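> There's a structure below that I have some questions on.
The values are calculated or read from the model by the stated rules, or taken from the named source; none is laboratory data. Owing to the predicted nature of the structure, the values given are computational and were not obtained by experimental measurement. Cβ sites come from the backbone with ideal geometry, for glycine too, and all protein chains shown count toward neighbours.
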Amino acid sequence: MRTDWLVVGAGFTGAVLAERIANQLGQNVLVVERRDHIAGNAFDHYDEHGVLVHKYGPHIFHTNSEKVWRYLSRFTEWRPYYHRVRAWIEGQLVPVPFNLTALRTLFPRRSAERIEDALVESFGHGARVPILRLKESNCPELVELAQYVYRYVYEGYTTKQWGLRPEELSPSVTGRVPVAVSVDDRYFTDTYQAMPLRGYTAMFRRMLAHPKIKIMLQTDYRDIAREVQWERMIYTGPIDEFFSYEDGHLPYRSLSFEMRHFGDSPHQPVAQVNYPSEYAFTRISEFKHMTGQNGSGTTVAIEYPERHEPGRNEPYYPIPRDEYRELYNGYLAKSRKLGGKVLFAGRLGEYKYLNMDQAVGAALSLFEKEIVR
Ligand code: FAD
Ligand code: UDP
């Protein structure tokens, strides 16, 4: 068998590149995927109760990129959706990002007013302030708030999620969920926030429906790379695995998901409830809030973070820390020696904590810069 391109992985990165190459260049693409489905970690399907669920945890689409939004809109219609999250803190269900409503709920009225005034004076109404920045403040009211929020929102959750304390990770990690100086309780502030109307997998089916694209599921590329003649490869699997871990393993954080079905819905007031302090799990997500699906019965996913062990569980999260970036840079240098014959991309190929829109944006740029010449 012969193909112009071998694309390893049918997640966002692989699917966008396969689509672009087939549609724009008219070249043949063989997509190999070791799971038994397309869509990578964004895969969704109807469970045995008829509820549309995300197999690998809740996936909410949000972006500020008009280019990414327009590109994906060719393959799906959208359901407008603003993600809202609550956390159990000291017996109360309050908004996350921690906002002025959470402050007023959890602090005595006088203290809350003092802290709110200090927040507005220091950062301005509407600001979103990373916790590690708030912790550096000298103002007594803000010190009090920072200590409280650090302890009740970030410390326990982060230690469970990563096995590391917030300071041991790149500040960009906790910076994803800043403290909000407003009553806005949306989890994201992006211009475009929506869910694919018929789900992610349906969107991927349309992206990959092209006569020049062939897909082989349940196939590891190493099992076919010698039998198939290919000109160039796009590899979206773990970069350390590609090089047989020659320089050591890049660490990942993994998760296990417990799916539970309930006859009565809704199970919880919003799509996601976080449990920063209690229990071994971090969050419970109820899919019907995101998908807008009607009917009785509801399914939730309970997330338990765990160590990644190659072959036993999935490498979900690259761990953003300088020392691991150095290890990655060694692999990157090796990849450059392949002279452009193999391109590495995606969350695993670049060892980067990418959201879906960032994966799509990076794939579109790669196509424009490295593939169309
Ligand atoms: P992947 O989706 O991981 O695809 C890579 C594919 O390559 C996989 O299917 C894998 O099986 C395959 N593969 C690997 N090695 C081989 C091999 N040797 N042979 C064949 N196939 C191989 N992003 C958001 O924007 N919003 C969210 O709400 C959100 N929630 C998330 C929740 C969780 C729990 C996780 C883990 C991620 C979340 N993300 C979210 C991030 C999102 O999943 C990624 O941005 C996206 O999946 C990246 O796409 P990718 O193609 O780079 O990687
Ligand atoms: N985080 C936290 N408490 C929360 C929510 C988030 O400490 O209630 C921290 C935690 O370190 C988490 C990070 O912020 O890993 C990013 O959160 P996000 O919801 O973006 O994580 P993801 O959806 O990517 O798992």
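> Scan the helices (runs of 4 or more DSSP H) fully inside region 140-195 and keep the ones with 3 or more residues being near ligand 2 (Cβ under 9 Å from one of its atoms) and either modelled with pLDDT of 95 or more or closer than 15 Å to V96 by Cβ (or both).
156-162, 171-175
> Right, another one. Name the pairs whose Cβ atoms lie under 6 Å apart, with the first residue in region 58-78 and farther than 26 Å from R283 by Cβ, the second assigned to a loop (DSSP other than H, G, I, E, B), and 6 or more positions between them or separate chains?
These pairs meet every condition: E77/L197.
> Continuing with the same structure: Would you say L348 is aliphatic (A, V, I, L, M), touching a residue at least 12 places away in the same chain (Cβ under 8 Å) and more than 11 Å from ligand 1 (Cβ to nearest atom)?
In short, no.
> Considering region 144-164 alone, what residues qualify as being more than 16 Å from ligand 1 (Cβ to nearest atom), within 12 Å of E278 (Cα to Cα) and of a type in the set (F, W, Y)?
Y152
> Can I ask one more? Is it the case that some residue within region 230-246 is out of contact with any Cys (no Cβ under 9 Å at 6 or more places or on another chain), over 30 Å from K369 (Cβ atoms), assigned to a loop (DSSP other than H, G, I, E, B) and touching a residue at least 12 places away in the same chain (Cβ under 8 Å)?
no
> Please state which one of G295, G311 is at pLDDT below 95 and within 16 Å of ligand 1 (Cβ to nearest atom).
Only one candidate passes the filter, namely G311.
> Which one is surrounded by the most Cβ atoms within 10 Å (Cβ to Cβ), of the residues in region 82-132 that are of a type in the set (K, R) and free of Cβ contacts under 8 Å to residues at least 24 places away in the same chain?
The extreme case among them is R104.
> Which residue pairs have Cβ atoms under 8 Å apart, sit 6 or more places apart or on different chains, and have a first residue in region 169-186 that is more than 19 Å from S122 (Cβ to Cβ) and a second that is basic (K, R) and surrounded by fewer than 19 Cβ atoms within 10 Å (Cβ to Cβ)?
L169/R321; S170/R321; D185/R84; R186/R84
> Specify the residue that is nearest to ligand 2 (Cβ to nearest atom); the eligible residues are those in region 83-104 that are over 19 Å from I115 (Cα atoms) and under 23 Å from the mean Cα position of the chain (by Cα).
Among them, the one singled out is A87.
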